[in-house]
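Q: Dumping the structure here so I can ask a few things about it.
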Number of protein chains: 2
Amino acid sequence: MRDFSSSTQALALNTATLGHNMPGKGFGWSTEALIDNCAELGFSGITFWRQEFSQHQNLDSVGRAVRGAGMSVSGLCRSPFFCGPFAPDVQQVKDDFKLAIDQTAELQAECLVILTGGVPTGTKGITAGWGLIESILAEAAEYAAQSGVKLALEPLHPMYGGDRSCIVTVKDALTICEHVGAKNLGIAVDVYHVWWDSQLEASLKGTDKVFSFHLCDWLAETKDLLLDRGMMGDGVADIPEIRRIVEDVAGYQGLSEIEIFSEYWWSQHPRKVLETCVERFKGC
Amino acid sequence: MRDFSSSTQALALNTATLGHNMPGKGFGWSTEALIDNCAELGFSGITFWRQEFSQHQNLDSVGRAVRGAGMSVSGLCRSPFFCGPFAPDVQQVKDDFKLAIDQTAELQAECLVILTGGVPTGTKGITAGWGLIESILAEAAEYAAQSGVKLALEPLHPMYGGDRSCIVTVKDALTICEHVGAKNLGIAVDVYHVWWDSQLEASLKGTDKVFSFHLCDWLAETKDLLLDRGMMGDGVADIPEIRRIVEDVAGYQGLSEIEIFSEYWWSQHPRKVLETCVERFKGC
């Protein structure tokens with residue numbers, strides 16, 4: 001397990017932590033200001049969200065700017081939902097998935113994060129959509145392989161099972177990966193989504209499929225289903241133990257990306273948020 | 001698996017479904033009115049909450065009234081929280097737990113429902129409190145055995161891991177039962193808390209520890225952490241499949257108790273709620 005107390009070599013920022021802070025939103029930092037501030041504070045990577053760019057923007061230049069500042073693009077969020085109440089129709093899913101893969105390639109991002117969406121409308125049960133998900137992922141993984149893009153399927157907390165993801169545990173996500181059998185399909189492990197899982201170590205034993213790792217915390221008395229994630233150290237997740245499992249059991253050695261959806265942190269100045277991230281990262 | 005379509009022999013009501021409807025609360029039904037309405041509509045059992053009674057009320061007469069109407073007392077909710085932000089100090093926990101066991105015996109209720117509370121304050125990780133929980137349960141189970149009371153440990157949905165229960169899966173609960181090793185300690189399985197668990201059947205294989213089973217549904221786009229449970233049929237839980245597992249895999253043949261915490265259903269007239277319960281029960 002790596003030592004985070006004296007180096008930020010493994011530290012990355014997911015821009016969701018700043019409330020997708022972009023011109024006209026939040027404190028209105030430009031992409032350049034974001035990159036400058038992250039580099040200055042010692043971050044080693046940035047993960048962007050697609051909604052922060054216009055649809056036809058070529059992202060080569062963004063990727064180059066990040067690398068020019070000594071960092072890498074740790075990821076791009078996210079695929080369209082495949083199923084559940086928020087999913088578009090299947091053809092739109094496939095088209096948008098291809099576009100997301102192209103954008104990931106342009107950015108030279110480490111991976112594209114995949115969220116599946118919830119239980120397909122009109123069906124019942126957590127596994128009802130798994131066949132559909134596997135077929136969409138198989139096709140997308142093949143397309144992504146052509147440009148060397150990796151796909152990171154992220155299991156979400158079971159409270160999102162109905163609408164945002166019917167893949168709710170690391171075991172679920174690894175089962176899907178096994179069924180699809182594509183080299184470039186792996187998983188993203190997020191502290192917020194998995195902290196409660198007493199079977200995490202058993203599920204990750206023997207896998208090399210962790211493509212991405214996200215830091216944050218679970219507040220003991222969480223108040224909101226979406227926007228009340230905690231800064232590392234403020235909650236009840238045993239982050240060093242989860243990181244031990246991800247690194248020592250699953251062999252993950254990539255960036256640890258801070259991703260916090262929080263009304264509270266979004267109301268703070270982004271520079272202060274970044275400084276807090278750096279400080280708290282040391283105790284992870 | 002039993003046929004629920006033509007008989008309410010297995011149907012019970014958890015009074016939480018009526019918003020703990022008692023004199024001065026909700027629509028203000030008396031215990032007698034509650035019992036009469038349930039009996040009239042064909043319910044076979046009622047589970048009460050302790051807060052619906054005054055602390056020194058002898059509950060013998062309540063139990064007798066329920067049985068006199070041809071029903072049984074399917075359960076009593078609940079033990080004090082042992083740990084987490086809402087738990088009293090350890091001595092208070094032990095005293096109140098004994099009182100709850102005495103009340104269960106007075107009612108001749110099928111079981112006392114156990115909620116453990118969340119991660120102990122000042123600790124981290126979902127299993128940090130398990131040792132404490134096991135020692136409190138071992139002592140309580142011994143005391144409960146003297147009056148023939150059964151304890152049903154209820155795993156809650158992982159979204160309650162921080163504050164209401166650090167036992168968040170059926171597997172977690174069965175692990176605790178195994179460690180404690182008391183004959184009168186089993187588990188309660190609630191559709192709302194377990195519907196998302198793809199490992200439910202594997203976890204319940206070979207056990208005879210299901211002491212209680214609760215019906216409700218998970219709404220696809222659930223809006224609230226506490227008070228947005230669905231009526232059976234309105235959500236995405238595969239209830240017949242869960243019931244198949246509980247009955248055919250774990251051998252449960254007791255009452256199926258409807259427990260719905262919902263602002264919506266609490267705003268409806270209790271008679272209408274009960275009628276809807278009876279109707280929807282047939283499709284479970």
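Q: Of the accessible area of the protein assembly as shown, with the probe set at 1.4 angstrom, what percent is carbon plus sulfur?
A: 48
Q: Can you find, among B:L226, B:C166, B:A152, the residue sitting farthest towards the positive end of the charge dipole of the stretch B:136-241, where Lys and Arg contribute +1 and Asp and Glu -1 at Cβ?
A: Looking along the dipole axis, the top candidate is B:A152.
Q: Using only protein heavy atoms and a 1.4 angstrom probe, determine the accessible area buried between B and A, summed over both sides, in Å² to the nearest 100.
A: Summing both chains' loss of accessible area gives about 2600 Å².
Q: Quick one: 3J(HN,Hα) in Hz for the stretch A:273-284, Karplus 6.51/-1.76/1.60 with θ = phi - 60°, rounded, Gly and Pro as x.
A: Calculated HN-Hα couplings, in order: 4, 4, 4, 5, 4, 4, 4, 6, 4, 4, x, 7 Hz.
Q: Distances in nm, one decimal, shortest first, from B:G122 to the same residue in every other copy, taking the label point 7 angstrom along Cα→Cβ.
A: 5.6
Q: If the reach is capped at under 21 angstrom between alpha carbons, list the lysines near A:K171, excluding any in the same chain fewer than eight residues apart.
A: Reachable lysines: A:K124, A:K150, A:K183, A:K205, A:K209, B:K171, B:K205.
Q: Let me ask something else about it. Over the Cα atoms of the stretch B:9-280, what is the Rg over Rh ratio if Rh follows Kirkwood?
A: With Rh from the inverse mean 1/r over Cα pairs, Rg/Rh is 0.94.
Q: Per residue and in Å³, how big is the convex hull formed by the alpha-carbon atoms of the stretch A:1-57?
A: Here the figure is 96 Å³ per residue.
Q: Can you quote the Å³ per residue value for the convex hull of the Cα atoms in the stretch A:57-172, rounded to an integer?
A: That works out to 106 Å³ per residue.
Q: Whose amide H sits under 5 Å from the amide H of A:E257, counting only residues 5 or more places off or on another chain, with H placed in the peptide plane?
A: Hits under the 5 Å cutoff: A:A12, A:F213, A:H214, A:L215.
Q: Moving to a separate point now. Relative contact order for chain B using alpha-carbon pairs under 8 Å, separation at least 6, rounded to a whole percent?
A: 21
Q: Next question. With charges only on Cβ, +1 for K and R and -1 for D and E, what is the dipole size of chain A about its Cα centre, in debye, rounded to 20?
A: 160
Q: Same structure again: Net charge near A:I176, counting Lys/Arg +1 and Asp/Glu -1 over other residues with Cβ under 12 Å of its Cβ?
A: Result for the neighbourhood of A:I176: -2.
Q: Moving to a separate point now. So, counting K/R as plus one and D/E as minus one, what does the shell of residues with Cβ under 11 Å around A:E257 add up to?
A: -3
Q: Where does the charge balance sit around B:K150 when Lys and Arg score +1, Asp and Glu -1, over other residues with C-beta under 10 Å from its C-beta?
A: It works out to a net charge of 0.
Q: Next question, about the same structure. Before anything else, pin down the relative contact order of the stretch A:161-222: Cα pairs under 8 Å, at least 6 apart, normalised by residue count, whole percent.
A: 36
Q: Per 10 Å bin, what is the whole-percent P(r) computed from every C-alpha pair distance within the stretch A:132-258?
A: P(r) for the stretch A:132-258, in whole percents per bin: 13, 43, 33, 10, 0.
Q: Calculate I(q)/I(0) for the stretch B:100-154 by the Debye formula, one identical point scatterer on each C-alpha and no solvent, and give its log10 at q = 0.30 Å⁻¹ to two decimals.
A: Here log10 of I(q) over I(0) equals -1.18.
Q: Rule-of-thumb check for the protein assembly as shown: C-alpha Rg over 2.2 N^0.38 Å?
A: It is 1.03.
Q: Any chance you could check the stretch B:216-236 for residues losing 40 Å² or more of accessible area when the partner protein chains are in, compared with the chain on its own (1.4 Å probe)?
A: The answer is B:A220, B:E221, B:L225, B:V236 - residues whose exposure falls by at least 40 Å² when every protein chain is included.
Q: How many times 2.2 N^0.38 Å is the alpha carbon radius of gyration of the stretch B:163-218?
A: 1.10
Q: Report the rotationally averaged projected area of the stretch A:43-120 based on its alpha-carbon convex hull, in square nanometres.
A: Orientation-averaged projected area of the Cα hull: 5.2 nm².
Q: A further question follows. ³J(HN,Hα) across the stretch A:12-19 via Karplus (A = 6.51, B = -1.76, C = 1.60, θ = phi - 60°), whole Hz, x for Gly/Pro?
A: The phi angles translate into 10, 10, 8, 5, 4, 4, 9, x Hz.
Q: Got the B:K205 label distances to the other copies yet, label 7 Å along Cα→Cβ, in nm, shortest first?
A: Distances to the matching label points in the other copies: 1.6 nm.
The values are calculated or read from the model by the stated rules, or taken from the named source; none is laboratory data. This one's a predicted model, so the numbers in the text were calculated from it and none came from an experiment. Using ideal geometry, Cβ is built from the backbone for each residue, glycine included, and neighbour counts are taken over all protein chains shown. SASA here: full protein model, heavy atoms, side chains in, ligands and nucleic acids out. Shrake-Rupley method; radii C 1.70, N 1.55, O 1.52, S 1.80 Å.
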